[in-house]
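Here the structure is laid out as structure tokens; the discussion comes afterwards.
Please treat every number below as a calculation from the coordinates, not as lab data. Note that the structure is predicted; figures quoted are calculated from it, not measured. In this analysis, Cβ positions are derived from the backbone assuming ideal geometry, glycine residues included, and neighbour counts consider all displayed protein chains.
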């Protein structure tokens, strides 16, 4: 007599319509749930780990001398190298312009003879005020918070920006009146 | 065709009956591995949450802590440094340990004991390994971790570590000790001392040869080993025992060197 | 809708997913517990096909192997994962190493547990590899035909010690540099190759080498002192060189287990 290899039988009985799930199914769900949760939590933990709680970056606040150091109508490049900021004294106001081109972030040059800021990377041009008028720059140069401290020194805070297109150049924190 | 030869009517048997003592890896082995792995992961995670890894003061090349200990798994070797010079304790003996370990399968000719636990059938092998591993390696690590304090002096676990503890260590070389004890003044000379030391070492290792000549013919295992293998086993065994022997000589008689060879810069 | 209907809906969606073309292209066999699938789970899985599809019954007993070898490998994987995570913040520069340890422990979210886990898993791996060696000896699983695999195992033992030793230096605290000083000082006592070892004088006369600048010790310390170059050298050894060598040897080790007849057992 020949005997055949017994047919493969599924060894799981599905829960019938009266029960929600069998014990086996429950542990199946629990197991997969635990596994996926562990992976998910691990991934989230990994992502959170990539953002440290303390950053050691340079202090954004610096002192820029006294208003009398600046000649009226001129753009000073005194703090351009160290702080990437122009100090401009114009029409009774002192402003701090950030020397970062609004196109792709290069450092423009102040061309005094032509009275404009010109970026060497792609040719963006800005007026003495900082308004973009030529080249690919999409918006004017940004201004930074500037104030006088008790000793009469100018104090610039690079962490506070003022954008023309948002009407923020009217904000008194963005200029010092003489 | 006869029925028994008709291929379509051949007797079919389940494949599992061919190897009845085998089980599927999935689920049986993988399940066991998974559970053990899970417990290990949970264990190490809880351990890591509860106990912080040490971080001492920043590195200062001008200030050496007292005591200055190697990582715990090397403390057995650092302990050996008390009894042997650095070249021996730090290079030769560790190399011999590694080489000796590698040689084990080639010098163990006993066919018994493969694939199950037994002591009775492998008395020599198990005793030797346990002596080397548990007594020498593990025990010396425990001594180094718990019982050695400032100046590498002995401190009981409950004693406070006193960095100023001074223990008089009047060590004497073996040739001097023999000369003093037995009045053999000719051993005081450098050359005689060296020859004496070398002679002793030669005599020590020749114990292995003597044993072979004495018991070799009668002993089945030694016959199976053959002279080369036996020589290796004897050499490794005697070298391994040299450590506790030297330690005992140091503790009892304050012996420092067995043999001094200053001309090539080595002392044993 | 009530739970029964919810479950029916779930079943419907599940059926749609697991019978889709995309799913079937990834998961090539079903999950039903049939003998065929049991074999396939092992044989057609890239990680599990390290195992044979069937194994002798005594081989699955935990009281036989204690999973010591497997746990050693698991701990190696834990160390690799935690190690890579630590690499996001640790700089192997003498000036920054210690500060980065503090940074990791206090300013990086989960940094403390990652560092702790790395350290304790390292100790754990050293202990486990020694336990594994002890077990293999006690079950005589180095006897023919498994002699060569035992040798590969001893090499892996040495590499485990070296990994732990090179890693020990990286926190750059007092424990680190002095433990490494003690360890590397042993190297200068190497006969012939160490500048303070036996026959060093003779080697210098013969070759002009084996000075404090050029010997076995300065090879390790990348200089005459344990300093910044030592840190960088040990970092590369710890993170790249030794792990790659160890990984290759592990591949050989696991392969040989299968080739030599699987898990050892009574004949």
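See the values below:
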| quantity | calculated |
| --- | --- |
| Residue-averaged [θ]222 nm for chain A, counting only DSSP H segments that reach four residues, each worth -39500 (n - 2.57) | -5500 deg cm²/dmol |
| Computed helical MRE - 222 nm, chain B, DSSP H runs ≥ 4 contributing -39500 (n - 2.57), nearest 500 | -15000 deg cm²/dmol |
| Peptide-level mean, for B:116-127, of C-beta atoms on other protein chains within 10 Å | 3 |
| Sorted by Cβ density within 10 Å, fewest first, the residues A:68, B:206 | A:68, B:206 |
| Cβ-based exposure ranking for A:153, B:185, in which fewest neighbours within 10 Å come first | B:185, A:153 |
| Prolate/oblate/rounded label for the protein assembly as shown (Cα gyration tensor, a/c 1.5) | oblate |
| For B:247-253, mean number of other protein chain Cβ atoms within 10 Å | 0 |
| Relative contact order (percent, whole number), region A:61-177, Cα cutoff 8 Å, 6+ residue spacing | 23 percent |
| Nearest 10 degrees, 0 to 90: helix C:111-138 Cα axis against chain C principal axis | 90 degrees |
| Ordering of C:84-94, B:98-108, B:80-90 by burial proxy (mean other Cβ atoms within 10 Å per residue, highest first) | B:80-90, B:98-108, C:84-94 |
| Cα gyration tensor shape for chain B, rounded if a/c is under 1.5, else prolate or oblate | oblate |
| Angle in degrees between helix B:220-253 and the longest Cα principal axis of chain B, rounded to the nearest 10 | 40 degrees |
| Average other protein chain Cβ within 10 Å of Cβ, residues C:25-32 | 1 |
| Overall form of chain C per C-alpha gyration tensor (a/c, 1.5; a/b vs b/c) | oblate |
| With Cα atoms, 0 to 90° folded angle of helix A:23-49 axis to chain A main axis | 20 degrees |
| Expected 222 nm ellipticity per residue - DSSP helices of 4 or more, -39500 (n - 2.57), all of chain C, to 500 | -20500 deg cm²/dmol |
| Highest-first arrangement of B:194-200, C:72-78, A:146-152, B:166-172, where packing means the average Cβ count within 10 Å | C:72-78, B:194-200, A:146-152, B:166-172 |
| Percent RCO, i.e. relative contact order, over chain B, from Cα pairs under 8 Å lying at least 6 residues apart | 19 percent |
| Ranking of A:101, B:130 by count of other Cβ atoms within 10 Å, fewest first | B:130, A:101 |
| Where labels lie 7 Å past Cα in the beta-carbon direction, separation of residue C:11 and residue B:190 in nm | 9.6 nm |
